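Chemist: Handing you this structure, nothing more for now.
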Amino acid sequence: MFVDFDGTLVEIAQSPEAVRAPAHLSGLLKQVQERYGGAFALISGRSIAALDDLLQPWRGAAAGLHGGERRRPDGSRADVDPIELTPVLADACGAVAAFVAANPPVRLEDKGRTLALHYRAAPELRQEVTRFAEQVAAESSGALRLVCGKMVAELVPRDFGKGRAIAAFLAEPPFRGRVPVFLGDDLTDEEGFAEIRRRKGVAIRVGSPDAETLATYTLPDVAAVLAWLSNDGAAEP
């Protein structure tokens, strides 16, 4: 079982810092983790540290930064380490900071190894933000790629990806040999859905898709996801 965080387990807020996890969520994740014999992981664009802060005291398997970070069920780490990208990210950060300064409604979230441009406060700037991010990615000579989500355009190293993170987990116990399930709500989760479909698993999209999706099932909202997980997935999505 693989589950996205924002928009899947918690409601999306005006800013990433404004998100709050329900009080019972940490306990629910522990129950699901035990139910699947440890074969449960969060797959998120947030850093693992940010997930830990929101989900105390839960500390389970997780992939953060779109797969750039990965923590196994036993707590050991298997992060992707793009050391050679440090100057590329520094150059990109400078360009992005200048763009944000010229467009005050847009927020820069520097996650250390990815750069997210949030335009929820100015949705009319979507095309401008996306074009700018595409240009930055192109100028990186393929070192960075653009991942678009709900009111966000994120520049991530080319080796990061939710699908790759899921594949890495599935190559190891206790995930290996099991039929995978992945719940996500956004365009950023489509890579994960593709990997799940490739392995003949179950891909579940949360909410009404605003574009074509590779998901095979849907759940209407976060409340439905929490209810479904609480009920052991007894009801078909």
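The values are calculated or read from the model by the stated rules, or taken from the named source; none is laboratory data. Because the structure is predicted, anything quoted here is derived from the model rather than measured. Cβ placement follows ideal geometry from the backbone for every residue including glycine, while neighbour counts extend to all protein chains displayed. The area values use the complete protein model at the heavy-atom level, side chains included, leaving out ligands, DNA and RNA. Shrake-Rupley method; radii C 1.70, N 1.55, O 1.52, S 1.80 Å.
Chemist: Please go through segment 143-175 and pick out each residue that is assigned to a loop (DSSP other than H, G, I, E, B) and either over 22 Å from E195 (Cα atoms) or open to solvent by less than 20 Å² (accessible area, probe 1.4 Å) (or both).
Modeler: Within segment 143-175, A143, M151, F160, G161, F175 meet the criteria.
Chemist: Hey, any hits in segment 12-33 for a residue that's in a strand (DSSP E or B) and surrounded by 14 or more Cβ atoms within 10 Å (Cβ to Cβ)?
Modeler: Within segment 12-33, not a single residue is in a strand (DSSP E or B) and surrounded by 14 or more Cβ atoms within 10 Å (Cβ to Cβ).
Chemist: In contact (Cβ under 8 Å) with a residue 24 or more places away in the chain, over 17 Å from V156 (Cβ atoms) and either in a helix (DSSP H, G or I) or not polar (S, T, N, Q) (or both), is that true of G75?
Modeler: Judged against the criteria, G75 is not a match.
Chemist: Another question, if that's okay. Say we look at segment 178-198 and pick out the residues that are assigned to a loop (DSSP other than H, G, I, E, B) and surrounded by 15 or more Cβ atoms within 10 Å (Cβ to Cβ); which of these is modelled with the lowest pLDDT?
Modeler: Checked segment 178-198; the qualifying residue modelled with the lowest pLDDT is D186.
Chemist: Sort out which residues of segment 188-211 are charged (D, E, K, R), out of contact with any strand residue (DSSP E or B) (no Cβ under 9 Å at 6 or more places or on another chain) and under 16 Å from G149 (Cβ atoms), and write them in order of number.
Modeler: Within segment 188-211, D210 is the sole residue that qualifies.
Chemist: Is it fair to say P57 is touching a residue at least 12 places away in the same chain (Cβ under 8 Å), farther than 20 Å from C148 by Cβ, assigned to a loop (DSSP other than H, G, I, E, B) and touching a Gly at 6+ places or on another chain (Cβ under 6 Å)?
Modeler: No.
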